[in-house]
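See structure below.
The values are calculated or read from the model by the stated rules, or taken from the named source; none is laboratory data. Just so it is clear, the structure is predicted and the values come from calculations on it, not from any experiment. With ideal geometry, Cβ positions are generated from the backbone for all residues, glycine too; neighbour counts draw on all protein chains shown. Side chains are part of the model used for accessible areas, which takes the heavy atoms of the whole protein and leaves out ligands, DNA and RNA. Shrake-Rupley method; radii C 1.70, N 1.55, O 1.52, S 1.80 Å.
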Amino acid sequence: MSNESLANLLKEERRFAPPAELAANANVTAEAYERAKADRLGFWAEQARRLSWETEPTETLDWSNPPFAKWFKDGRLNVAYNCVDRHVEAGLGERVAIHFEGEPGDTRAITYADLQRDVCKAANALTELGVRAGDRVAIYLPMIPEAAVAMLACARIGAPHSLVFGGFSSDALATRIQDADARVVITADGGYRRGKPSALKPAVDEALSRPGTENVRNVVVVRRTGEETAWTEDRDVWWHDLVERQSESHTPQAFEAEHPLFILYTSGTTGKPKGILHTSGGYLTQTAYTHHAVFDLKPETDVYWCTADVGWVTGHSYIVYGPLANGATQVMYEGTPDTPHKGRWWEIVQKYKVTILYTAPTAIRTCMKWGDDIPAKFDLSSLRVLGSVGEPINPEAWIWYRHNIGGDRTPVVDTWWQTETGAIMVSPLPGVTSTKPGSAQVPLPGIAATVVDDEANEVPDGAGGYLVLTEPWPSMLRTIWGDDQRYLDTYWSRFKDRYFAGDGAKKDDDGDIWLLGRVDDVMLVSGHNISTTEVESALVSHPKVAEAAVVGATDPQTTQAICAFVILRGTAAEDEGLVDELRNHVAKHLGPIAKPKRILPVDELPKTRSGKIMRRLLRDIAENRTLGDVTTLTDSTVMDLIQAKLPGASAGED
Ligand code: ATP
Ligand code: MG
């Protein structure tokens, strides 16, 4: 597609109607919106019946003490039984649950019957270590099947897990172990990243030498890389020694719907991570429903692949709980997308005939930067639905994804949600919605979301403000672990009776929702609110720009001045006129007020380990401040490189 036709496409605000065949056989049709609107709680009670309850709930929602919700509170269920055993009992034991693809190329096909045996043994193992319902277990593992097994084993015995992303340092691990007061840590000797073993156990040893971690009695270690590992006698135990000798049977015990399922810390884009608490029945209901609705999952025929890490909420909700509750067959990949070559993901899609792919804008933009010729070498014709999550997806990246990965056939669902919401909240439905590049569009059936102004009034179509959720939802966070007050202050005090998501948004003329980035990131320039997302999208729509991060820096004349950091596409050169060309390009798209004052080409942008751009650090740089909390940053040398380029490198002052 030429750049000109692309620009026209974006201008037309073109919509893509659902493919006829998908629409005709869609799991969820337009009627669901009406039904949910007429009786929201009845709708969720109906979705709860997707699960197997030991005791069926009679009460859907107890909202007598807002914002502390209780969903399905008199119901009892076992989450692991719902994700594993019931499929085996239904005769699906031979269905593959997980096609595991290790980075070095080793593979395992794990059926639901295998998974049941593994989870039972792991549950027995944890019980032998003295783990009881309510005890917290920290899980610090690479992307290997044992991560899912460990989570399900915890769920089976009612021990809330707290996953810590395997790329985090010992500092981040220690604070999470301390905050949750974990009793056991499950880890591995290491995992494979970028073609070589990358150790994990040393970070656990280091974390457990800190005060406040004394309650950790045991460390269970999966052998993945076979590298030599330091050992603490009486505390450390090999997974294979402990788990393999356990019985393959374990009777799942039912827990109350509100029994804690897990704690997960947010990615830390805006500051100190918060320990988000999720519980069982409501969470599993909404993750199962949304996975069925948003991806149109047909468990008999689909091969689903979510590229997130289990350490993020996307991995919890859309690798482990939602897909397994639905009896899906999925791919799990251990490594990086460019090992051993930049086509690895597409090779995996081709190999397993993946039909549904769920990934993040940061990955899509990286693939754009690497070039269209790479995915073009593989047969991606099995794909039928593509999803995006994590950040606003620029229209440019959306179109690239649909064209180069989806062969212009597949719907792209841009799913907005948060660690706090537990499951997808705003998203097109692939068989219903005519999709618009760059917009998450509409709240799902049963979800009440809107955009309000400073005074909490709903904004009219065509206007912007703050995204809020106006009714409780089943998979909502129940609190911040150990800090009810921070829960109230962060989410429920900005607007009365409404959940404040912290994200800016606008409604277009059709009433569709566009996410505009975090409220903390919105810029104020000469009296105008300007969204970082919109300026970034304008920059990325220039053929020479692969990625952009925009911040507002304090400015004596205009309150804030727009500063842009851009990564150029593979072949583009940083020539003389480029900065002016880019400034004019933005002005042409968004008007002169949005013209960046400074544009700095850089090689990398600071990102969280889940791939989100950390604008607050760029703001610190643009305002010559010392950097804030960098513990969730992927690579701190990135900041040094950017800082080094800064003096005198800015251009185009006027
Ligand atoms: P912290 O809250 O600690 O700053 P975080 O918000 O990055 O971290 P997550 O819960 O992983 O942690 O991310 C949720 C946020 O990601 C949303 O609030 C939103 O800003 C962004 N986001 C997720 N999906 C989308 C999407 N489809 N469109 C736009 N933004 C999205
Ligand atoms: Mg957040």
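Inside region 224-235, can you point out the residues that are charged (D, E, K, R) and over 21 Å from residue 118 (Cβ atoms)? 227, 228, 233, 234, 235, listed by residue number. For region 410-431, check the following and say yes or no: at least one residue is away from ligand 2 (no atom under 16 Å from the Cβ) and open to solvent by 30 Å² or more (accessible area, probe 1.4 Å). Checking region 410-431: not a single residue is away from ligand 2 (no atom under 16 Å from the Cβ) and open to solvent by 30 Å² or more (accessible area, probe 1.4 Å). Hey, any hits in region 532-555 for a residue that's in contact (Cβ under 8 Å) with a residue 60 or more places away in the chain, hydrophobic (A, V, I, L, M, F, W, C) and closer than 24 Å to residue 69 by Cβ? So far as region 532-555 goes, no, none of its residues is in contact (Cβ under 8 Å) with a residue 60 or more places away in the chain, hydrophobic (A, V, I, L, M, F, W, C) and closer than 24 Å to residue 69 by Cβ. Here is the figure for region 111-130: residues that are more than 30 Å from residue 300 (Cα to Cα) and in contact with a strand residue (DSSP E or B) (Cβ under 6 Å, 6 or more places away or on another chain) total 1.
Filtering region 250-267 to residues that are touching a strand residue (DSSP E or B) at 6+ places or on another chain (Cβ under 7 Å) and either in a loop (DSSP other than H, G, I, E, B) or of a type in the set (Val, Ile, Thr) (or both) leaves 254, 257, 258, 259, 263, 266, 267.
Considering only region 283-304, I want to know if a residue exists there that is surrounded by fewer than 24 Cβ atoms within 10 Å (Cβ to Cβ) and within 14 Å of ligand 1 (Cβ to nearest atom). No, there is no match, as no residue in region 283-304 is surrounded by fewer than 24 Cβ atoms within 10 Å (Cβ to Cβ) and within 14 Å of ligand 1 (Cβ to nearest atom).
Being open to solvent by less than 20 Å² (accessible area, probe 1.4 Å) and either in a loop (DSSP other than H, G, I, E, B) or of a type in the set (Val, Ile, Thr) (or both) is the filter here, so list the residues in region 525-542 that pass it. If the condition is that a residue be open to solvent by less than 20 Å² (accessible area, probe 1.4 Å) and either in a loop (DSSP other than H, G, I, E, B) or of a type in the set (Val, Ile, Thr) (or both), then 525, 530, 531, 532, 533, 535, 540, 542 are the ones that fit. When residues in region 268-282 are screened for being away from ligand 1 (no atom under 14 Å from the Cβ) and either open to solvent by 20 Å² or more (accessible area, probe 1.4 Å) or not in a loop (DSSP other than H, G, I, E, B) (or both), 3 of them pass. The helices (runs of 4 or more DSSP H) falling completely within region 319-376 that include 3 or more residues that are within 25 Å of residue 92 (Cβ to Cβ) map to 322-325, 344-352.
All of 252, 323 fail the test of being at pLDDT 95 or above, of a type outside the set (Val, Ile, Thr), open to solvent by less than 10 Å² (accessible area, probe 1.4 Å) and in contact with a helix residue (DSSP H, G or I) (Cβ under 7 Å, 6 or more places away or on another chain), apart from 323. For residue 619, the test of being within 16 Å of ligand 1 (Cβ to nearest atom), surrounded by 15 or more Cβ atoms within 10 Å (Cβ to Cβ) and not in a loop (DSSP other than H, G, I, E, B) is passed. Among the conditions (1) buried (at least 18 other Cβ atoms within 10 Å of the Cβ); (2) assigned to a loop (DSSP other than H, G, I, E, B); (3) without any contact (Cβ under 8 Å) to a residue 60 or more places away in the chain, residue 574 misses just one, which is (1).
Can you name every residue in region 48-59 that is part of a loop (DSSP other than H, G, I, E, B) and surrounded by 22 or more Cβ atoms within 10 Å (Cβ to Cβ)?
Once the filter is applied, which keeps residues that are part of a loop (DSSP other than H, G, I, E, B) and surrounded by 22 or more Cβ atoms within 10 Å (Cβ to Cβ), region 48-59 yields 51, 57.
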